[in-house]
Amino acid sequence: MSESIDFGAVTHFTVGTVGEPGHRVFLLQVGAGALILTVKVEKTQVMAMIQGLTTAIEELSRPHELAGDQPLVGDPTPAWIVGSIELEVDAITELIEVELEELAEEEPTTARFVITQEQAAQFAITATRLVEQGRPPCPLCGYPLDPEGHACPRTNGHRAPSL
């Protein structure tokens, strides 16, 4: 049976990583009061959230003061893996509604919550820093480069770009 978690407005919304670049796991954490949900997301999903939240913020009035980076709290073990993320801006309240859906074939778990534009802006800043700390992208295909190079699909595997 699928579970649906509706946080409403949240006080904790952040992204973090566990592990070294090339072997990092990206975690998104959201919470209200004592209830904290940690889920696993892909780096590409984090980059899409940065873009989506940045676009959403541009549609709203200027954010007020930002609180600063929020660290991951508690046990970093993810409850589930995120399959899809939806963002919706409420222009009247200037709040951003977020829905996460589990990557599951049948009856996925969902989590819904509302963030302020300040939380969205801080998340985008924190997430951008994390993404930039990783391996640089291949200039041809965009996949991460390892120090020893990689089998780039754009070169049909003939010559691996390197750092």
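The values are calculated or read from the model by the stated rules, or taken from the named source; none is laboratory data. Computed from a predicted structure; not experimentally measured. Here the Cβ is made from the backbone with ideal geometry for all residues, glycine too, and neighbour counts use every protein chain on show.
Would region 40-63 turn up any residue that is of a type in the set (Gly, Ala, Ser) and in contact with a Pro (Cβ under 8 Å, 6 or more places away or on another chain)? If you could, list the steps in order and put the result at the bottom.
Initial filter on region 40-63 (of a type in the set (Gly, Ala, Ser)): 48, 52, 56, 61.
If we keep only those that are in contact with a Pro (Cβ under 8 Å, 6 or more places away or on another chain) as well, we get none.
No, that holds for no residue.
Pull up region 22-65, narrow it to residues that are in contact (Cβ under 8 Å) with a residue 60 or more places away in the chain and in a loop (DSSP other than H, G, I, E, B), then point me to the one that is nearest to Leu87 (Cα to Cα).
Of region 22-65, the ones in contact (Cβ under 8 Å) with a residue 60 or more places away in the chain are 22, 24, 26, 28, 30, 32, 37, 39, 43, 46-47, 49-50, 53-54, 56-57.
Now restrict to residues that are in a loop (DSSP other than H, G, I, E, B): 22, 24.
Working: Gly22: 28, Arg24: 25 Å.
That would be Arg24.
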Leading residue by the ranking (nearest to Leu130 (Cα to Cα)) among those in region 68-99 that are surrounded by 12 or more Cβ atoms within 10 Å (Cβ to Cβ) and either hydroxyl-bearing (Ser, Thr, Tyr) or modelled with pLDDT under 90 (or both): Asp69
Residue count, region 66-107 (criterion: closer than 19 Å to Gln51 by Cα, without any contact (Cβ under 8 Å) to a residue 24 or more places away in the chain and either part of a loop (DSSP other than H, G, I, E, B) or small (Gly, Ala, Ser) (or both)): 1
Subset of region 19-47 [β-branched (Val, Ile, Thr) and at pLDDT below 95]: Thr44
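Given the residues Glu107, Glu102, which is the only one that is out of contact with any Leu (no Cβ under 6 Å at 6 or more places or on another chain), on the phi > 0 side of the Ramachandran plot, assigned by TED's automatic domain parsing to the domain that holds Trp80 and of a type outside the set (Gly, Ala, Ser)?
Working: Glu102 fails: on the phi > 0 side of the Ramachandran plot.
Exactly one residue qualifies, and that residue is Glu107.
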Checking Gly19 against (1) at positive phi; (2) touching a Lys or Arg at 6+ places or on another chain (Cβ under 8 Å); (3) of a type outside the set (Phe, Trp, Tyr), the condition it does not meet: (2)
